[in-house]
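What follows is a set of notes on a single structure, which appears directly below.
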Amino acid sequence: MSRLEIQWPDAAAERARAARGRLIRAGEGLRARSFEDRLASVARVLSEWTRADSVWRRELERALAATTPFSQGAIAEGLESALRAWEPGAFVECARREVGPGALGEARTLAPYAWTTVIAGGPIPMPTLLSALIPLVVGSPVLLRETEKDPITASVLRRSIAAQDPELAACCEPLAFPHDDAAAYEILLTAPCVVATGSDEALGAISARLGPTTRFVGYGHRFSIAILGPRLCEGDLLERAAEGLALDVARWDQMGCLSAVVVYLLGVDTALAEQIAESVSDALARLEDSMPRGSIETARAAQLASERAEARMRVATSGGRLLEGRGHTVVLEADAQARPAPLGRFLRLMPVSTHAELLERLTPFAGQLSSVAIAGLAEENSVPDPRSSGDLPLLSQLSHLGVSRITEPGRLQTPPVDWPHDGLPLFTPLARMLQRDAVRL
């Protein structure tokens, strides 16, 4: 064979193969530990991250500011607010409720997978932190493929685990390689359980390469919205809703599935709609010093400029308002026609007259909606009317469209740690259950 014909082994694939072997061996020790022991160890790690003076959170803040487009102020606030909502006690209770011995009953046994691949996606660190910890509780070691948009979180997490429990840290191995390294991906996709976060296209490509017996848990593209109603004119409801929405938009520069991208104004008159637009724009402007918008890639900047220009023309010809700040855009549209969401703190406010019109506008997005923030709605939109002919109230209709969480403005990006992401339980999708029937021999 000539020198040109020599095929050197793929470095990332070799690292993945070696990590797989180590994890399979480490998994035997992990499963030898009791469920409560594993859970307590993971809960201690989580507690370290949720502490106000967490050294791991501070380290991650500095590292993300140096390697991602987010500003340090936005990173610090995003991590602090999200982790403040993660109660370790709620995590523990959720695990016990879903897969604890008491939850399974005497006839069922938890059957963890020999190892789990977690493919991180997107620039926001919260999903990476949680998705890497959950399999460890059920007894499955994790090969964690870092996302190129966040090459930091996985390694910081592993060191935080090692500081609490070196044996548990041996069951979590981060791995970085380019997205087009097919050989390395093939090793990852041999796992009996694969968890992935990313675009629908990316999840489809992963799913197509998996064997028929592989457990696949995918979290694809979602977006979140807000619905505001006419009661915002009461007391300080408008001020509170505007400040909350500004945080929902500014956190992580509107880049996650929990970011508000559009606000529907249900039964709101023109005067109040303009007040809402102005209040949200003012609240976003007040955040520009403490949480400045980060850098924006060229393609997204061009889309933002294009959508601003189109909105300017629509406002001039059809009405509405365009409010532009140093790092944000708020468009009060004259109608609720679906339009692009360029992100980068670009928010549309769309008027809808009735409950029926709102549902008509949302139905095309069934299955793509994640969370909804509501404020100022009339009672008949959330409470069943006994005089009705059986129609579901608005909140029930939203669940039929795939919405998995209802909250208030300001809390879209800070779900509790036990929130059923995309309507799925946290722990049960990542393990098998063994049923033992009574057998007479």
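The values are calculated or read from the model by the stated rules, or taken from the named source; none is laboratory data. Everything numeric here is computed off the predicted structure, so don't read it as measured data. Please note: Cβ atoms are built from the backbone with ideal geometry, for glycine as well, and neighbour counts cover all protein chains shown.
Exactly one of (1) more than 16 Å from residue 260 (Cα to Cα); (2) at pLDDT 95 or above; (3) over 23 Å from the mean Cα position of the chain (by Cα) is unmet by residue 418. Its number?
Result: residue 418 fails condition (3) only.
Restricting to the stretch 16-53, what's the tally of residues that are hydrophobic (A, V, I, L, M, F, W, C), under 16 Å from residue 133 (Cβ atoms) and either outside any helix (DSSP H, G or I) or not assigned by TED's automatic domain parsing to the domain that holds residue 145 (or both)? Step through it out loud before you land on a result.
From the stretch 16-53, those hydrophobic (A, V, I, L, M, F, W, C) are 16, 18-19, 23-24, 26, 30, 32, 35, 39-40, 42-43, 45-46, 49, 52; that's our starting set.
Those left that are additionally under 16 Å from residue 133 (Cβ atoms): 23, 26, 30, 35, 39-40, 42-43, 45-46, 49.
From what's left, either outside any helix (DSSP H, G or I) or not assigned by TED's automatic domain parsing to the domain that holds residue 145 (or both): none.
Number satisfying all stated conditions: 0.
Give just the number: which of (1) within 22 Å of the chain's Cα centre (by Cα); (2) of a type outside the set (Lys, Arg); (3) modelled with pLDDT of 95 or more does residue 28 not satisfy?
Going through (1) within 22 Å of the chain's Cα centre (by Cα); (2) of a type outside the set (Lys, Arg); (3) modelled with pLDDT of 95 or more one by one, residue 28 breaks only (1).
Among the residues of the stretch 66-89, are any surrounded by fewer than 20 Cβ atoms within 10 Å (Cβ to Cβ), closer than 26 Å to residue 328 by Cβ, free of Cβ contacts under 8 Å to residues at least 24 places away in the same chain and in contact with a Ser or Thr (Cβ under 8 Å, 6 or more places away or on another chain)?
no
Considering (1) outside the structural domain of residue 43 (by TED's automatic domain parsing); (2) surrounded by fewer than 17 Cβ atoms within 10 Å (Cβ to Cβ), say which one residue 228 fails and leave the rest.
Checking residue 228 against (1) outside the structural domain of residue 43 (by TED's automatic domain parsing); (2) surrounded by fewer than 17 Cβ atoms within 10 Å (Cβ to Cβ), the one that fails is (2).
What tally of residues in the stretch 162-181 results from selecting those that are outside any helix (DSSP H, G or I) and closer than 16 Å to residue 145 by Cα?
Selection size over the stretch 162-181: 12.
Do we have residue 321 as of a type outside the set (A, V, I, L, M, F, W, C) and either within 24 Å of residue 122 (Cα to Cα) or without any contact (Cβ under 8 Å) to a residue 24 or more places away in the chain (or both) here? Full working, then the answer.
Details: of a type outside the set (A, V, I, L, M, F, W, C): yes; either within 24 Å of residue 122 (Cα to Cα) or without any contact (Cβ under 8 Å) to a residue 24 or more places away in the chain (or both): no.
No; evaluated as a whole, the condition is false for this residue.
Is there a residue being touching a strand residue (DSSP E or B) at 6+ places or on another chain (Cβ under 7 Å), over 21 Å from residue 25 (Cβ atoms) and surrounded by fewer than 22 Cβ atoms within 10 Å (Cβ to Cβ) anywhere in the stretch 168-178?
no
Quickly run through the stretch 328-358 and pick out the residues that are surrounded by fewer than 20 Cβ atoms within 10 Å (Cβ to Cβ) and free of Cβ contacts under 8 Å to residues at least 40 places away in the same chain.
334, 335, 337, 338, 339, 340, 356, 357
Does residue 249 count as crowded, with 17+ Cβ neighbours inside 10 Å and either basic (Lys, Arg) or closer than 25 Å to residue 329 by Cβ (or both)? Before you say what the answer is, go through the steps one by one.
Working: crowded, with 17+ Cβ neighbours inside 10 Å: yes; either basic (Lys, Arg) or closer than 25 Å to residue 329 by Cβ (or both): yes.
Criteria met by residue 249.
Just checking, does the stretch 191-203 include any residue being within 27 Å of residue 370 (Cα to Cα), of a type in the set (A, V, I, L, M), crowded, with 21+ Cβ neighbours inside 10 Å and more than 16 Å from the chain's Cα centre (by Cα)?
Taking every residue of the stretch 191-203 in turn, at least one turns out to be within 27 Å of residue 370 (Cα to Cα), of a type in the set (A, V, I, L, M), crowded, with 21+ Cβ neighbours inside 10 Å and more than 16 Å from the chain's Cα centre (by Cα).
Would you kindly identify the strands (runs of 3 or more DSSP E) lying entirely within the stretch 54-161 that contain at least 1 residues that are of a type in the set (D, E, K, R)?
108-112, 142-145
Quickly run through the stretch 358-401 and pick out the residues that are farther than 29 Å from residue 282 by Cα, among the charged types (D, E, K, R) and either at pLDDT 95 or above or not in a helix (DSSP H, G or I) (or both).
360, 385, 387, 391
Might you let me know whether the stretch 188-195 holds any residue that is closer than 25 Å to residue 58 by Cα and not in a strand (DSSP E or B)? If you could, list the steps in order and put the result at the bottom.
First, the residues of the stretch 188-195 that are closer than 25 Å to residue 58 by Cα: none.
Checked against the condition, which is being closer than 25 Å to residue 58 by Cα and not in a strand (DSSP E or B), the stretch 188-195 yields no hits at all.
Whether any residue in the stretch 311-325 is part of a loop (DSSP other than H, G, I, E, B), surrounded by 13 or more Cβ atoms within 10 Å (Cβ to Cβ) and more than 24 Å from the chain's Cα centre (by Cα) is what I want to check. Show your work before the answer.
Filtering the stretch 311-325 down to residues part of a loop (DSSP other than H, G, I, E, B) leaves 319-320, 325.
Next cut, surrounded by 13 or more Cβ atoms within 10 Å (Cβ to Cβ) only: 320, 325.
Narrowing the set further to residues that are more than 24 Å from the chain's Cα centre (by Cα) leaves 320, 325.
Yes, that holds for at least one residue.
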